[in-house]
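Novice: The structure under discussion is supplied below as C-alpha cells; questions concerning it will follow.
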Amino acid sequence: MILDALKTLIYVLIFPGFLFCFLTGLLLAGIDRKLVARMQKRVGPPILQPFYDFFKLCGKQTIVPAAANKTVFLVAPLLGLAALVVLQLFIPVFQFQIPAFANVADLIVILYLLLIPAVSIILGGASTGSPYAGIGLSREMVTVLACELPLVLVLLSVGRSVGVAIGAKEGITFSLSTIVRYQLESGSLICKASLIPAAIAFLLVIPGETGNHPFDAAEAETEICEGMLAEYSGAPLGVYKLSHAIKMLTMTSLFVMLFFGGIGTGIGNLVALIGLTGGAAAAVTMLLDVLVLFVLCVIVTAVGISFVHAVTARLKIEQIFKYYWTVVSALALLSLVLVWYGL
Amino acid sequence: MDFPFIKEALSQLFSKPSCQMYVPDKTKEGAPNYRGRIVFHPDKCINCMMCERVCSGNAITHVIEKTPEGDDKVTRTFYLGSCTFCATCMDFCGHGAIEFTRDYHMIATKEEDLMVSGTFIKKAPVKKAPAAKPAAPAPAAAPAPAEGGKVIKPRDDGKPVQVPSKCVYCTICAKKCPAGALEVDRANKTWKLDEDNCVGCGTCAEACPKKAILMPGDEPVTEAAPAAPAAAPAPKAEEKAAPAGAMISPREDGKPVQVPSKCVYCTICAKKCPAGALEVDRANKTWTLDEDNCVGCGTCAEACPKKAILMPGDEPVPADAPAAAPAPKAAAPAAPAPKKEEPAPAPKAEEKPAEPPKPVQPRDDGRPVQDPSKCIYCTICARKCPVGALEVDRTAKTWKLDEDVCIGCGNCYEVCPKKAILL
Amino acid sequence: MNFLNPQHFPIFAIMLYFLGAFLIVLFGKNRAARNCIAFLATGLALTLMILLVKPIMIDGGIIAYWMGSRVPAGGYAIGIALEVDALGLFFGLLIATAVFVSCLYSFSYMSEDDNEPQYYTLFLMLCGGVMGLVLSGDLFNMFIMVEILTFAAVALTAFRNRVTGALEAAFKYLVVGCIGSTCILAGTIILYQQAHTLNLAQLATIIPLCKGTNVSIAFALLFIGFCTKAFIVPFHPLAADAHGAAPAPVSVLISGVLTKSGIYGIIRLAYFLFQTMNLGTMQFWLVFLGSVSMFVCVTMALAQHDFKRLLAFHSISQIGYVLTAIGLATALGASAGLYHAMNHTLFKGLLFLTAGAVLHETGTTDLGKLGGLSKKMPHTTVLFLIGAASISGIPPFNGFASKWLIYQAAYEKAAETGNIGFAFVTIVALVTSTLTLASFVKVTQSVFFGQLPKECENAKEVSFGMRFAMGILAVLCTVTGLFPNLVQTYLTGPAAKTLFHVTRYINAMLGEGYAESAMGASAPEAATRTIEIVGVWNPVNWLALLMIALLAICIVAIASKYDAVRENKSEKVEAKYSLFYGGEDTVFSQVGGGDLFWGFKHNWRHYFSFMHDLHSGIVNDYSLWAVIALALAMVYALIVL
Amino acid sequence: MFKKLIEESTGKSPWLFHINAGSCNGCDIELVSVLTPRYDAERLGFKLAGSPRHADIVVVTGPITQQSLPRVLRSIEQVPDPKCIVTMGSCPQSGNVFRGSYSVAGPLSKYVHVDVDVAGCTPKPEAVIDGLYLATQILQEKRKGMKK
C-alpha cells in the first residue's frame, strides 16, 4: 500500500507530474520564443529565458490590490496549475501509460479538464476587480468558446474512427490508451486520409487554446495591459506564466498522442537490439519515448505556435470567434463526415 | 486574406540574424561628427559668456570667485543632463573652448557625472594709478603731438571705450558685434554702447580698422587735437590724376583719394573695401569711388600694396612720382598689433632689395621672377600672394607664376626670406 | 393497518403536505406554529420517501395502492390507485428534498414579507400537487394534481405583487398553463372514451393495441399538455417571466420540481401509455425538441441582464438536456437523463437560492447594478461558485458526471444507428455546456467579483438559515458528482430499468400475468438493457490526484513565502494598492452585465435580434405559439402513430 | 539555493515599463528601436511589459508635464519592488529646453529617486542599452538587499 502510494506520489510530483512539466514546459516556451525571434531576424532571448522570468517573478513582491478578493486572488493560480499538472498525467507517452491513471479520464474528460485552467485564470482576473481584467476575462471566455467547437469535432471524429477500426462494440472509443495502442499496431492516425483535416484543425486550435499570439486578444499587453494579469505581480504571475507554458506542452503532447501515436514504437525495438532486458529496457524505452515526445512537441510548437506567431498579427476577438467557428470547424466537420461515412 | 511574411519568416529562420550583437562597452564611438560628450578647454575661454546666452537648454553656468590678487577665477560647468547637444555654443565660441567628442556613453547614476566643468583665471585689467607709469612705447606708438589732447583710458569693467578722434563711424564694429550691443550712426556720428548687452568680447576693438576702440589692457590713448588735422581739403577730384606736377593731397572729408601714378589697378582695394564703395577696372584702368557708400574706413589705403590711396592725415604725394621702387612708408600711425600672430617672420623693417645676381634679370613688366639658386621653395611667397598667382611645390621644387592673375604688388618679393624673388 | 407498512407511505406523504397546508390556514397566525408545521410536513414526507428507497429501489418492488381498497373487479379498474415504482420514487425523492430545502430557506427569506401564512399554504399545496402527480397511478388523478400545482404556482408567482411584472408574469403563466391543462383533460377524456378506464396500467395494455386517429390526437394533446408544464421550447418565455418575479424558494420549486413533473408526464406518456419510444421518428421528435430548447435557451440566457431570468433560461436548457437524453430511448440515455434531472434540481435550486440571497441583501438582481459582492458575502460566493461549477460541468461536480453520461449516450446512439444526426446532437450538447459556463462566468464577474457599487455597500452575509439550506444543496451537488457509479446503481439505474419493463408495471398493478393475457403477442418484452459506459471517468481518483498536486504546490508556495503579500492597511486606498488605470485615480468602472462577450454577441447579432423579436413578452404571442405547437404535434402524431 | 538563483535571474529578465511624461517622442521611438532586430535588447532579456505590476525597470521619457505628474508618480508607485527608475534623454533629468515653463513640473529626481540617467537628446540605442544594463545590475543589488 505504502509502495504504490509512494509510486503515485512520484508519478504526480516527479516524472510525468510537476517537475517534468515544469522543465519541459518552460523549455518549450523558451524554444518557441527563440524561434519567433529567429524568424523576425532577431537573435532572441536565451532558451532558458522563461526559467529566468519565472524565478525573477518569484523574487518579486506580490501586491494585492485593495479592490481584490485576497483568497481567490492567491488560490486561483495554484488551482489552475494543479489541474494542468494532473491533466498531463493522463496523456500516455507512447507505450508508457501509468496503469493507475489509465482509467481515470478519457478524451471528453480531458476536453473538460482543459477548461479548469481557463476558469482559474478567469476567476483570478475577476477577483482583482480591475476593468482591464473584466474585458480580458470576457475575451478569454469567448476564445475558449471559439476553440470548443473544433476541438469537440476533432475528438469525436478520432473517437469514432478508432472505435470503428478497433471494432469496439459501440463503434466508438474515448480512452486515450486504446487510441495509442491502436496507433502502435496500425500506424499513426495522421496517415489515415479521413483524419488529416482533423489533424490540421487540431493544429490550428492549439494557439487558440493556449492563448498564443494571433489569438491572445485576452492578454493583449498593448490594448488591455495584459488583460486578466493586469493586477498580478510576483509569484502568482509567475505561476500563471508557468501554467501558460505547461498548457502549451499539454496541447502539443495531446496532438502528438492523437496523431503521431505510432512513432514511439521504432525506438522500442532499438532498445531490444542493445540487448537490455526487463526493468532496464522498460526504463530506457520510456526515456527514449519521452525524448521522442519532446522532439515531436518542439516540432509541433515550431509549426503550430511559433510560425503562426511570427507571421500573423493579433486578431480582434470577434474575428477569432468567426475564424474558429467557420474555417477550423468546417475542416473538423469534414473529417467527422468522412470518418462517419466509412472512409 | 493574405499572409505577406511567410517567405521571409522561413528564409530568415536559417539565415544569420541582422543584429549588431552590441555588448555594452565604453570604447565604442559615435559617427564621425557625432555630437556626444562636451570637452571644455578652460585656457581658451575668455568668459565672454556667449555660450551661456545661446544655450537653449540653459545647460552652461559659471561661478566667479575673486582670487587673492584680484583676478577672477571662473569655473564654467556644462550640465549634460540639460543639454540638447545642438552645438550652438561651439559655433558661438569664438575661441574654440568648447568641443563635442564622439563619445555617446553618457550614463550616470549621480548627477555630478553629467557635469563637465573647467576653471581658469581671467586676468583683471591692469589697474594704473592716475599718474600711470609712462605707457611702454608701443612698437608703433603714434608720434602723437603732446599738446593738451584728452587721455582716453580703457574701462575696467571689460567693456570697450571709443576714441572719438580716431573713430570714423564706419559701423564695422556695430556689424561685427555678436551681441548687437553697439549702435553707430554715421550721419550724426554717434557711437553708443549698450552696457548690459555688451559681453566685452573685444570683437569690435579687433574689427575696428582705425583702432578707435580700447579694450581693458590696451594702452590709454591721448587724443590728438580735436580738430581734424589741418590737411588741405583735397579737391573732389576722383577721376583721372590731377594735372601733372600738382601735389595730390588727401581729402578732408575722410574719404580715400587715388594716386593714379602709383596705382597698378590691382583691384585689391575694391575687394577689401567693406562697404563695396570702390570699383576698379583693370582693363581700362579706372578707379571710381562711390561717395555715399564709402565709410572712410581706410581699409583700401591700408590694403593697397602700392600705397596709391591717401587717407586724411597722410602726407600729400607728388602726383607724378615715378614708379620708382616703392618706398613703403610707415604711414599708418599705429601699426595694428594684429591679434593673430601672423606667421610672418620678419617685422616690416626697412628692406633694401639685394641687387640681383647676374644671371637672373628682373623682368620689365613689374612681375616677380624667381632665382632658383636661392629659392628654398618654402611656399611663403605663394601664401602671401594676395591674389594667389604663385604655385610653389616643395616636394617637386617647382615655382610657377600665373602672369595674368599676378598684379605685381611685390608681396612675394617682400616676404621671401631668401630674397630669391626679383621684381 | 399498521402504519409502518411501506405500502401506506406514498399516500401519507401526499396527505402530509395537504394536511400541513390545511393546518397552517388554521394556526397560521403565529410564526412559530406555522414554521413548525411546515417543517414537520416537509421533513416527514422526505423521511417517508427515504424509507421507501429500500423496498422499491434496492429490492425492485412496486407499490400498488388502491384508494379505499377498491380492488379492480371484473377486469375493470374503477378505483383510484397510487402506483409507485422506481421511476416514481426517484422523482418523489427529488421533489421531497427540493421542497424540504426550500422550506428551510423560506423560513428566514420570507420573514419580512407580509401575509406569510398564505405563502405557506400555497407552498404546501404546490408540494402536495407535485407529489401526488408523481406517485399517482391514475390518469385523471394526475390531471387533478396538475391543476393543483399549476394554480398554486401561479398564485405563488404573484405572491410579491409589488414587484413589477409579477402580476403580468403570473397571468401569462396562468393562461398558457390552462391551455396545457385543458389539453391534458381533453387527452384524458379521449383515452377514457377509447379504453373506458383511467388506470395507467390498464390503459397501457389497451392503448398500444388500438391504432386510430383519436389515439394519436390524444397523444398529441397529452404531449403538448405536459410540454407546457415542463416549459419546453415553444413555452419557455413564460418560465423566464415567472422566475423573474417569483420569490427565490418558489423559483426553486418551479424550476427544480415543476419542470421535472412535466418530464415525468412525458416519460409516462411515451414509455408507458403509448409505448412508442421504439419508433425512430418518436426518438427524433423528442431529441429534436430537447436539443432545440437546449441551444435556444442557453443563447437567450447569455443575452440576459437579470440574474433570475438568466437562471430561468438555464433551467429550460438543462431540461432540454434531460429530454434529449430520455429521447434516445437507450438504457444509458434514460439513466443519464434521470441523473441529469436530479443534478439539475440540486444545482439549480442552489443557484436560485443564491440569487435569492443576493436579492435579499441588495434588493436588485440586475447584473448591471451589482458587483464585488464576494467581499461582503463570502459564503454565498463560495456556494454560488459550487453551483455554477456544477451546472457548467466542471469535473469534480455533479453536472459534469451527468453531462458526460449524456454525451456518451448520444454518441453511442449515433454510432449504433449510424445516423450522424445524433453526433450533431452530441456536438450541440457539448457546445451548450460551454455556453452555460460562459453565462455563469458572466454572472460571477458581474455579481460577485469586479468592483462594489455604492448601492451594495451595506450588503452583508445572509442569515445562517439560508446559508444552511444552500449548504445542504452544495454538499449534495458535490457528493452526487463524486460518486456517479453509486448514484447509478441505487437511484438512476433501477429507475431507468423500469422504463423498459412495462409489463412488470402492469402486472404489479393488475395482478400477475395480466399483461401477457391482455396484450398477447405485442406485450412489450422486458428488454434487458445493461448500461455499459464506453469512456472512463473516475472522479474520486482524479480528485485525489488533484489534491496531492495542489497540496504539493501549496507546500512549496508557503515555503517560499508565497503569501507574504503587501496589502492596503490604511483606510484610504494608497496609490500603490489602487487599481492600474493607466495612472488615473481609481474610478468606479465595473465591467459586467451587458459589456461581456461582445465577440460572441457580435457574431450572432442577427440570431439575437431575431430571438429578441420572437420573445415579445405579450401573452397572446405565447398562447399563439402554444396553439401552433399543438397543431404541429397533432399533425405529427397523425403521421407517426 | 533558490535565493541565489532568484537574485541571478532578477538581473537576467528585466521587464521594462515605458512612461511618456510629455516627451517629444524622440526618446520613445529610440527606446522601442532598442527592441528591433538591429539592437535586439530581448537578447539580454528585456521585454516591454503592459502594466506596471509586471515591470522591473520604469523608463520615463519627457519633461514631466503638470498634467502627467500625478499619473507618472502613481504608475511608478504601483510597480512592485525591487524596481529601478531610468530617465531617458535630458528632459526628465532637467526639463531640458522646457525648464522653467509654467506647465513643466521639473526634473523627475525632485519626486522620485532616479537610479540611472541616460543623457543625450535622444540618446543612441547603444547608450540606452548601456543604461538599461546598468539598471539590471542595480536591480540585482536591490534584490540582494531586499528581504522577501
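Rule-based calculations on the coordinates, nothing more; no lab input. Fair warning: this is a prediction, and the values are worked out from it, not measured in the lab. Ideal geometry is used to build each Cβ from the backbone, glycine not excepted, and the neighbour counts take in all protein chains shown.
Novice: Bins of 10 Å, beginning at zero and ending with the bin holding the largest distance: percent of Cα pairs per bin for chain D, please.
Specialist: With 10 Å bins starting at 0, P(r) equals 12, 43, 33, 10, 1, 0.
Novice: Can I ask one more? Run the numbers for residue C:111 and residue C:464: contour at 0.36 nm per residue of separation, minus the present Cα-Cα distance, in nm.
Specialist: Full extension of this stretch gives 125.7 nm more.
Novice: Work out how far the C-alpha atoms of the stretch B:28-122 reach from end to end along every principal axis, then list the three figures in whole Å, largest first.
Specialist: 45, 30, 22
Novice: Moving on to the next point. Order of C:293, B:56 from fewest to most other C-beta atoms within 10 Å?
Specialist: So the residues, fewest neighbours to most, are B:56, C:293.
Novice: Grab the Cα-Cα distance for residue C:288 and residue C:532, subtract it from 0.36 nm times how many residues apart they are, and report the gain in nm with one decimal.
Specialist: 85.4 nm
Novice: Residues in the stretch C:597-636 near a label at residue C:419, defined as backbone nitrogen under 15 Å from the 7 Å Cα→Cβ point?
Specialist: none
Novice: With each pseudo-label sitting 7 Å past Cα toward Cβ, what's the residue B:29-residue B:176 distance in nm, one decimal?
Specialist: 3.5 nm
Novice: Also, I was wondering about something else. In the protein assembly as shown, if the dipole is taken from +1 on Lys/Arg beta carbons and -1 on Asp/Glu beta carbons about the Cα centre, which of D:111, C:273, A:203 is farthest to the positive end?
Specialist: Projecting each Cα onto the dipole axis, the largest value belongs to D:111.
Novice: Sticking with this one: Rounded to whole Hz and in sequence order, give me ³J(HN,Hα) for the stretch B:75-84 from the Karplus expression 6.51 cos²θ - 1.76 cosθ + 1.60, θ = phi - 60°, writing x for Gly and Pro.
Specialist: So the Karplus estimates, Gly and Pro as x, are 10, 10, 10, 9, 8, 5, x, 10, 9, 9 Hz.
Novice: Then there is this: Using just the alpha carbons, could you tell me how many Å³ per residue the convex hull of chain A encloses?
Specialist: 150 Å³
Novice: Another one. Using the count of nearby Cβ atoms within 10 Å as a rough guide to exposure, how do C:392, A:127 rank from fewest to most?
Specialist: Going from sparsest to densest Cβ surroundings: C:392, A:127.
Novice: May I have the convex hull volume per residue, in Å³, for the Cα set of the stretch C:1-42?
Specialist: Per residue, the Cα convex hull of the stretch C:1-42 comes to 69 Å³.
Novice: Report the paramagnetic label zone for residue B:156: residues of the stretch B:42-72 whose backbone N is under 20 Å from a point 7 Å from Cα along the Cα-to-Cβ axis.
Specialist: Answer for this model: B:64-72.
Novice: Out of every Cα-Cα pair in chain C, what percent are more than 34 Å apart?
Specialist: Pairs farther apart than 34 Å: 42 percent.
Novice: While we're on this one: What residues from the stretch C:26-60 fall in the zone where the backbone N is under 12 Å from a label point 7 Å along the Cα-to-C-beta line of residue C:12?
Specialist: Under 12 Å, as judged by backbone N against the label point of residue C:12, lie C:44-52 of the stretch C:26-60.
Novice: If you wrap a convex hull around the Cα atoms of the stretch A:5-161, how much volume per residue is inside, in Å³?
Specialist: In the stretch A:5-161, the Cα convex hull volume per residue is 173 Å³.
Novice: Run the numbers on the stretch C:171-320 and let me know its relative contact order in percent, using alpha-carbon pairs under 8 Å that are six or more apart.
Specialist: Averaging sequence separation for qualifying contacts and normalising by length gives 26 percent for the stretch C:171-320.
Novice: At 222 nm, what value in deg cm²/dmol follows for chain A if DSSP H runs of at least 4 each add -39500 (n - 2.57) and the sum is divided by all its residues, to the nearest 500?
Specialist: When only DSSP H runs of four or more count, the value is -22500 deg cm²/dmol.
Novice: Find, to one decimal place in angstroms, the Kirkwood hydrodynamic radius of the stretch B:247-318, where the mean of 1/r is taken over every pair of different Cα atoms and then inverted.
Specialist: 11.9 Å
Novice: Can you tell me the relative contact order of the stretch A:83-237? Whole percent, Cα pairs under 8 Å, sequence separation 6 or more.
Specialist: 30 percent
Novice: Could you list, in their original order, any pairs among B:175/B:271; D:83/D:110; C:369/C:442; B:255/B:307; A:56/D:147; B:153/B:272 whose Cα atoms are separated by more than 21 Å?
Specialist: Distance filter (> 21 Å) returns B:153/B:272.
Novice: Order by neighbour count: C:433, D:109, fewest other Cβ atoms within 10 Å first, most last.
Specialist: D:109, C:433
Novice: What distance in nm lies between label points placed 7 Å from Cα along the C-beta direction at residue C:69 and residue A:164?
Specialist: 6.4 nm
Novice: For residue D:66 and residue D:4, what does the FRET efficiency come to when R0 = 60 Å and r is the distance between their Cβ atoms, rounded to the nearest 0.05?
Specialist: Efficiency, rounded to the nearest 0.05: 0.85.
Novice: Whole-Å semi-axes of the stretch C:1-276's equivalent ellipsoid, largest first, each the root of 5 times a Cα gyration tensor eigenvalue?
Specialist: 31, 24, 14
Novice: A further question follows. Could you work out [θ]222 nm for chain C from helices alone, using -39500 (n - 2.57) per DSSP H run of at least four and dividing by all its residues? Round to the nearest 500 deg cm²/dmol.
Specialist: When only DSSP H runs of four or more count, the value is -22000 deg cm²/dmol.
Novice: What is the projected area of the convex hull of the Cα atoms of the stretch C:500-641, averaged over all directions, in nm²?
Specialist: Mean projected area of the Cα convex hull: 22.5 nm².
Novice: Which far-off residues, 5 or more places away or on another chain, put their amide H under 5 Å from the one on residue C:81, with H placed in the peptide plane?
Specialist: Under 5 Å from the amide H of residue C:81 lie the amide H atoms of C:67, C:137, C:138, each far enough along the sequence or on another chain.
Novice: Here is a follow-up. With no solvent and one equal point scatterer placed on each C-alpha of the protein assembly as shown, evaluate the Debye formula and give log10 I(q)/I(0) for q = 0.08 Å⁻¹, two decimals.
Specialist: -1.05
Novice: Looking at the stretch A:75-186 from every direction and averaging, what is the projected area of its Cα convex hull in nm²?
Specialist: If I average the Cα hull's projected area over directions, I get 7.9 nm².
Novice: Please report Rg (one decimal) and Dmax (integer) in Å for the Cα set of the stretch C:110-235.
Specialist: Computed over the Cα atoms of the stretch C:110-235, radius of gyration and Dmax are 17.0, 57 Å.
Novice: Take the Cβ-Cβ distance between residue B:16 and residue A:48 as r, set R0 to 25 Å, and report the resulting FRET efficiency rounded to the nearest 0.05.
Specialist: 0.70
Novice: Residue A:283 to residue C:489: FRET efficiency via 1/(1 + (r/R0)^6), r the Cβ-Cβ distance, R0 60 Å, to the nearest 0.05?
Specialist: The computed FRET efficiency comes out at 0.90.
Novice: Can you pull the one-decimal nm distance between simple spin-label points at residue B:288 and residue B:393, each 7 Å off the Cα toward Cβ?
Specialist: Placing both labels 7 Å beyond Cα along the Cβ direction yields 4.3 nm.
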